[in-house]
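A.B. asks: First, the structure itself, so that you have it in front of you.
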Amino acid sequence: MRAARGEIAAPLDIALVGVPLDLGATYRSGARQGPAGVREASRLIRQINPTTGVAPYRLCNIADVGDAPTHPLSVEKSVELVEAFYRRIHAVGAAPISIGGDHTVPLPVLRAIAAERPVGLIQIDSHSDTFDEFMGTRYNHATFVRRAVEEGLLDPKRIIQIGLRGTRYGDDDIVYGDKAGIRMITMDEFETLGRAKVIEEIGKVVGDLPVYISIDIDGLDPKDAPGTGVPEPGGIMMRDAQMILRALTGREVIGGDICEVVPSLDPSGITCINAANLMFELTCLAAVVRGRKKSQA
């Protein structure tokens, strides 16, 4: 987004971060190239949100702090390295806005920024990511929500998942989410409720307390995001995703990510363009919160 390259040091308010990790993906790999692809596409982004009027660079000190380190052969070691990197960001008081990487990425981020108390989660995704194990492993792109709840990083009663759809392996993930009290909105329910009612439901679930936003790009319909490892037909339109995020302006957003962007599967470049625009929306949300705190200081 044409942000300056910066170090992790005060007075940084918002850190733009890449996480080139895809060892937790189980179908089509390549999300480790997501940060590079989205950085290039984000040259299209300008400075002012056309709907909310938020100008994040006027409100906050924002910098691209580069990519978190990862281990090329170990997802467990990568998770440790990513967590340590985000702890440095959290220590200087900055909110992270990230591009993955597969959907393992939110777990180490939340370990770094939500260790003091459980937070809420707004998740746009075609999958719930609540498996206990997936293909014999506990740390991958299908388990991050369950691990984060178990570790006390997320309050399950303040989690809302939007856009769930597609064929499933079984019922374990959905049963877990239901028992934990997670609000799961399938695409069928999304269509029944309509966008405005879904936005109301988000407010009821997350309230005014701190909330993290995680977007799996496969939550979008494949015509808006073909460049992803596990595309699921019949998803959320990009326009709906934009307006849902814009409706969250003023809420206590402490960070966010967009994951599962695979540039090699994105011949037109539209997936990276849409991911960059969603990254701008997340940055605007974090900037309002940080700007408000700075003005009160």
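The values are calculated or read from the model by the stated rules, or taken from the named source; none is laboratory data. These numbers were taken from a predicted model, which means no experiment stands behind them. Neighbour counts are summed over all protein chains in view; Cβ atoms, including those assigned to glycine, are modelled from backbone coordinates with ideal geometry. The accessibility values were calculated without ligands, DNA or RNA, using every heavy atom of the protein model including side chains. Shrake-Rupley method; radii C 1.70, N 1.55, O 1.52, S 1.80 Å.
A.B. asks: Going from most exposed to least, what order do GLU189, GLU80 have by accessible area with a 1.4 Å probe?
C.D. replies: Details: GLU189 55, GLU80 110 Å².
Ranking GLU189, GLU80 by accessible area, largest first, yields GLU80, GLU189.
A.B. asks: Which value, in Å² and to the nearest 10, is the accessible area of LEU209 when all protein chains are kept and the probe is 1.4 Å?
C.D. replies: Using a 1.4 Å probe on the heavy atoms, I get roughly 100 Å².
A.B. asks: Where only protein heavy atoms count, and the probe is 1.4 Å, what is the accessible area per residue for the stretch 140-208 in Å²?
C.D. replies: On a per-residue basis, the stretch 140-208 sits at 48 Å².
A.B. asks: PRE reach from GLN296 (point 7 Å along Cα→Cβ): which of the stretch 37-63 fall under 12 Å by backbone N?
C.D. replies: Inside the label zone: nothing.
A.B. asks: Specify which residue in the list LEU59, VAL289, PRO72 is farthest towards the positive end of the charge dipole of the chain, using unit charges on the beta carbon of Lys, Arg (+1) and Asp, Glu (-1), about the Cα centre.
C.D. replies: The Cα lying farthest towards the positive end belongs to LEU59.
A.B. asks: Identify which of GLU76, GLU252, GLU232 has the largest mean-square fluctuation in a Gaussian network model of the chain, with springs joining Cα atoms closer than 10 Å.
C.D. replies: GLU76
A.B. asks: Among DSSP beta bridges lying fully in the chain, give the percent that are antiparallel, nearest 5.
C.D. replies: Roughly 5 percent of the DSSP beta bridges within the chain come out antiparallel.
A.B. asks: So, taking all protein chains as they sit and a 1.4 Å probe, how much accessible area belongs to ARG239, in Å² rounded to tens?
C.D. replies: ARG239 exposes around 120 Å² with every protein chain in place.
A.B. asks: Moving on to the next point. Please report the antiparallel percentage of the DSSP beta bridges confined to the stretch 131-283, to the nearest 5.
C.D. replies: 15 percent
A.B. asks: Return the carbon/sulfur percentage of the accessible area of the chain, one whole number, probe 1.4 Å, all protein chains in place.
C.D. replies: The C+S portion of the solvent-accessible surface of the chain is 52 percent.
A.B. asks: Oh, and also: Positive end of the dipole of the stretch 139-200, charges at C-beta (+1 Lys, Arg; -1 Asp, Glu), about the Cα centre: which of VAL198, TYR176, ASN140 has its Cα farthest in that direction?
C.D. replies: Checking the options against the dipole of the stretch 139-200, the answer is VAL198.
A.B. asks: Looking at the stretch 39-79, which trypsin sites (Lys or Arg not before Pro) are in a loop (DSSP not H, G, I, E or B) and have at most 16 other Cβ atoms within 10 Å?
C.D. replies: Hits after loop and neighbour filter: ARG46.
A.B. asks: Straight distance only, please: which lysines reach the Cα of LYS294 with their own Cα at less than 28 Å, same-chain residues fewer than 8 apart left out?
C.D. replies: LYS204
A.B. asks: Here's another thing I want to ask about it. State the Cα centre-to-centre distance between the stretch 221-297 and the stretch 75-113 in whole Å.
C.D. replies: Centre-to-centre distance over Cα atoms comes out at 18 Å.
A.B. asks: Using a 1.4 angstrom probe on the protein heavy atoms only, could you order TYR212, TYR57 from most to least accessible area?
C.D. replies: TYR57, TYR212
A.B. asks: Right, here's the next one. Specify whether the C-alpha gyration tensor of the stretch 81-120 places it in the rounded, prolate or oblate class, a ≥ b ≥ c being the square roots of the eigenvalues: rounded for a/c under 1.5, otherwise prolate if a/b is larger than b/c and oblate if not.
C.D. replies: oblate
A.B. asks: Oh, and also: Per residue of the chain, what 222 nm ellipticity follows from adding -39500 (n - 2.57) for every DSSP H run with n ≥ 4, rounded to the nearest 500? The partial results should precede the final answer.
C.D. replies: Values: 10 runs with 108 residues, N = 297.
Computed mean residue ellipticity for the chain: -11000 deg cm²/dmol.
A.B. asks: Accessible area per residue, 1.4 Å probe, Å², for the stretch 1-113: what's the number?
C.D. replies: With the other protein chains kept in place, the stretch 1-113 gives 43 Å² per residue.
A.B. asks: How much length would be gained if the chain were fully extended between ASP172 and VAL92, taking 0.36 nm per residue of separation minus their Cα-Cα distance, in nm to one decimal? Intermediate values should be presented prior to the final figure.
C.D. replies: Numbers: separation 80, 0.36 × 80 = 28.80 nm, distance 3.93 nm.
Gain on extension, ASP172 to VAL92, equals 24.9 nm.
A.B. asks: Still on this model: Take the alpha carbon gyration tensor of the chain, find the square roots of its eigenvalues, order them as a ≥ b ≥ c, and report rounded if a/c is under 1.5; if not, report prolate when a/b exceeds b/c, else oblate.
C.D. replies: Rounded.
A.B. asks: In what sequence, largest accessible area first, do LYS223, LYS197 appear using a 1.4 Å probe?
C.D. replies: Details: LYS223 135, LYS197 110 Å².
My answer, sorted largest first, is LYS223, LYS197.
A.B. asks: Using a 1.4 Å probe on the protein heavy atoms only, what accessible surface does ARG117 show? Give it in Å² to the nearest 10.
C.D. replies: In the full protein context, ARG117 sits at about 80 Å².
A.B. asks: Here is a further query. Mind running the shape call on the stretch 185-297? Use the C-alpha gyration tensor, a ≥ b ≥ c as the square roots of the eigenvalues: rounded below 1.5 for a/c, prolate if a/b tops b/c, oblate otherwise.
C.D. replies: Since a/c reaches 1.5 but b/c is at least a/b, the shape of the stretch 185-297 is classed as oblate.
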